[in-house]
Amino acid sequence: MRNIFVARAFKEDANAQAWSFRDSGVVELNYGFTSAAMIYATIFCHFYDAVATTANDVDFSDDDLNVLGMILEEIENGAFEPILVAENSRTSWRESGRIFVAHPALLELPKNRKKDHYHELVCATEEFAIAHEICHHILGHTESASRRKPQVNTIVQEWLDRSGSREVCSNLNPDQLEEIEADVGAFLLMAGVLGDQTTHARIYRGVAGSMLALITLGHISENWISGEAPGETHPGFITRYDVMSRIIHELTLPFPRGSIGDHPLGFMLQFEGFISIVLQFWMSRAKSEVKDPHFLNIFSWMLDRGVELDEKLKSQVNRENSSKQHENTERLS
């Protein structure tokens, strides 16, 4: 990736962009995007903390339903207030063209959240945005041909096929398809696939960076659902999320659980719950027939999804063990 330079920009939209200068590739990351990444990293931390608190500390067998209801309401408020603050602030962000992390609800982390973890979330979000723009260069989406890497394009196309994403992309115009390719390339770059250096840590970072970056961009631009008209240069969030979740699932399902029983798809489940809440809040304001979300409903849905994931991972292990036994039997015979 020689002759690609990354710089911080302070004007224009809260986004990132790739462009060419002679034989060099340039990537600009606007500071407004970083501010937005800080906001949504904080919001996700509050949601993650609410889920962990509900799972570990709430006694659902308590006979005092009034006390139980008050506890759940407090947890819901802690998870939802920052989301609502960001939602209500978005209009002023778009009108002024500047995004500032100014409201206390967007600055205060949960008490048990370490600042290092928060900063890693922000850095991972920036990293995905930069990797996305770098991939525009190496996939040949920009003017200079000297930076193109055909082998990277081959790998990206293979993962689009393996993940079943072709159907999702079938109605996209060429510009939108390039955005999807850059998303996939960025995740594969972060996860270490492009350099054959995949690790659990890199995959976790790729999951966090891609999910927070996509939802940040979707929220800033309100580009949740996009058409395929010639003028539409970017797919909507839902399309980009659909493809990314397929890639993540396809890549990580064969991975064994970690030392504490963790798995990248379990981490991805946290983002699925978070995204469903953010989207439902947006839809409840865009469409009168859609109601605001309820935290307990989302939590119950995540529990069900967790059971499904556990069964899927066990089935994967059983298939791998069966395959190994079959191979050993064939060697002995």
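The values are calculated or read from the model by the stated rules, or taken from the named source; none is laboratory data. Every value quoted in this text rests on a predicted model; they were computed, and no experiment measured them. Here Cβ is always computed from backbone atoms with ideal geometry, including for glycine, and neighbour counts include all displayed protein chains. Accessible surface is based on the protein model in full, side chains and every heavy atom, while ligands, DNA and RNA are left aside. Shrake-Rupley method; radii C 1.70, N 1.55, O 1.52, S 1.80 Å.
Observations on the structure shown:
- When residues of the stretch 240-266 are limited to those that are open to solvent by 30 Å² or more (accessible area, probe 1.4 Å) and at pLDDT 95 or above, the one nearest to Tyr40 (Cα to Cα): Tyr241
- Residues located in the stretch 284-321, provided they are more than 25 Å from Ala52 (Cβ to Cβ), not β-branched (Val, Ile, Thr) and not in a helix (DSSP H, G or I): Lys287, Ser288, Glu289, Lys291
- Of the residues examined, Val67 is not one that is surrounded by 14 or more Cβ atoms within 10 Å (Cβ to Cβ) and either among the aliphatic types (A, V, I, L, M) or in a helix (DSSP H, G or I) (or both).
- Consider the stretch 155-183 and keep the residues that are of a type in the set (S, T, N, Q) and closer than 17 Å to Glu250 by Cα. The one that is surrounded by the fewest Cβ atoms within 10 Å (Cβ to Cβ) is Gln157.
- Of all residues in the stretch 70-112, those being in a helix (DSSP H, G or I), at pLDDT below 85 and surrounded by 11 or more Cβ atoms within 10 Å (Cβ to Cβ) number 9.
- Filter result (open to solvent by 30 Å² or more (accessible area, probe 1.4 Å) and more than 14 Å from Ala14 (Cβ to Cβ)) within the stretch 210-226: Ile225
- Residue in the stretch 66-76 that is within 24 Å of the chain's Cα centre (by Cα) and without any contact (Cβ under 8 Å) to a residue 12 or more places away in the chain present: no
- Of all residues making up the stretch 37-52, the number that are open to solvent by less than 10 Å² (accessible area, probe 1.4 Å), of a type outside the set (A, V, I, L, M) and out of contact with any Pro (no Cβ under 7 Å at 6 or more places or on another chain): 3
- Search result, residues across the stretch 283-333 that are among the small types (Gly, Ala, Ser), modelled with pLDDT under 85 and either in contact with a Leu (Cβ under 9 Å, 6 or more places away or on another chain) or surrounded by fewer than 11 Cβ atoms within 10 Å (Cβ to Cβ) (or both): Ser288, Ser322, Ser323, Ser333
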